[in-house]
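The values are calculated or read from the model by the stated rules, or taken from the named source; none is laboratory data. Computed from a prediction, not measured in an experiment: that's the story for all the values here. Here the Cβ positions follow ideal geometry from the backbone for every residue, glycine too, while neighbour counts run over all protein chains shown.
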Amino acid sequence: MRSLSIASMEETLHTNTILPAMIMKHFLPLLPKHKKAVFAVISARVGSVSDNYLGGWYSYRASKAALNMLIRCAAIEMQRTHQSSVVIGVHPGTVDSDLSKPFQRNIPEGQMMRPAKSAAMLLDVISKVDQSQTGKCLAYDGTEILP
């Protein structure tokens with residue numbers, strides 16, 4: 001909590017919440033109205049309020065929790081005009097990236113994924129989603145992440 005700052009919170013919320021919201025605003029209306037189309041946004045398990053047992057990462061967690069709410073809202077609204085659309089958040093897992101570098105020593109063996117593997121798994125999840133999953137956040141293995 002001591003490391004929180006207005007500037008860092010604004011930057012994180014801008015990147016993880018506001019920009020995806022603006023993308024949704026402009027692209028969701030372009031989806032076909034009468035055939036399946038999937039709009040997926042990169043979210044994160046740490047955006048789950050019910051799955052938070054560690055605390056910390058205030059700005060990042062808050063930005064992803066807010067993103068998950070935007071996904072849910074957009075999915076509800078899209079059902080009014082685009083009944084076949086699916087709007088989801090996807091969690092890429094723990095990926096070997098600059099974001100995870102400071103925490104990699106605490107990650108259990110075999111849990112770290114290469115970016116290409118994570119991307120392939122996400123594409124598989126996206127290709128298999130159905131209407132019952134719209135508005136949800138799904139992990140790289142297809143399991144639902146609770147809000």
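Side notes on the structure shown:
- Residue within region 97-106 that is without any contact (Cβ under 8 Å) to a residue 24 or more places away in the chain, among the small types (Gly, Ala, Ser) and closer than 27 Å to ARG2 by Cα present: yes
- Applying a threshold of 8 Å to beta carbon distances and a minimum spacing of six or more residues, or different chains, the list of pairs starting in region 108-124 at a residue that is farther than 16 Å from THR143 by Cα and ending at one that is assigned to a helix (DSSP H, G or I) and at pLDDT 80 or above reads MET113/MET121.
- Test: residue in region 131-145 that is at pLDDT 95 or above, exposed (fewer than 11 other Cβ atoms within 10 Å of the Cβ) and closer than 20 Å to ILE23 by Cα: no
- Pairs are defined by a Cβ separation below 8 Å, a sequence spacing of at least 6 or placement on different chains, a first member in region 16-28 that is more than 16 Å from SER63 (Cα to Cα), and a second member that is at pLDDT 95 or above and surrounded by 20 or more Cβ atoms within 10 Å (Cβ to Cβ); the pairs so defined are PHE27/PHE39; LEU28/PHE39; LEU28/ALA74; LEU28/MET78; LEU28/HIS82; LEU28/SER85; LEU28/VAL87.
- Some residue of region 63-78 being under 19 Å from ILE18 (Cβ atoms), out of contact with any Lys or Arg (no Cβ under 6 Å at 6 or more places or on another chain) and polar (S, T, N, Q): yes
- Qualifying residue in region 60-70 (condition: among the polar types (S, T, N, Q), exposed (fewer than 15 other Cβ atoms within 10 Å of the Cβ) and touching a residue at least 24 places away in the same chain (Cβ under 8 Å)): no
This table checks each residue for (1) of a type in the set (D, E, K, R); (2) closer than 19 Å to VAL95 by Cα; (3) in contact with a strand residue (DSSP E or B) (Cβ under 7 Å, 6 or more places away or on another chain).
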| position | (1), (2), (3) |
| --- | --- |
| SER8 | no, no, no |
| THR12 | no, yes, no |
| ALA21 | no, no, no |
| VAL38 | no, no, yes |
| ALA44 | no, yes, yes |
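- Restricting attention to region 112-130, the residues that are at pLDDT below 95 and assigned to a loop (DSSP other than H, G, I, E, B) add up to 2.
- Restricting region 45-77 to residues that are at pLDDT below 95 and in contact with a Pro (Cβ under 8 Å, 6 or more places away or on another chain), the residue that is nearest to THR134 (Cα to Cα): SER48
- Count of residues meeting criterion [in a loop (DSSP other than H, G, I, E, B) and either buried (at least 17 other Cβ atoms within 10 Å of the Cβ) or of a type outside the set (S, T, N, Q) (or both)] in region 85-111: 10
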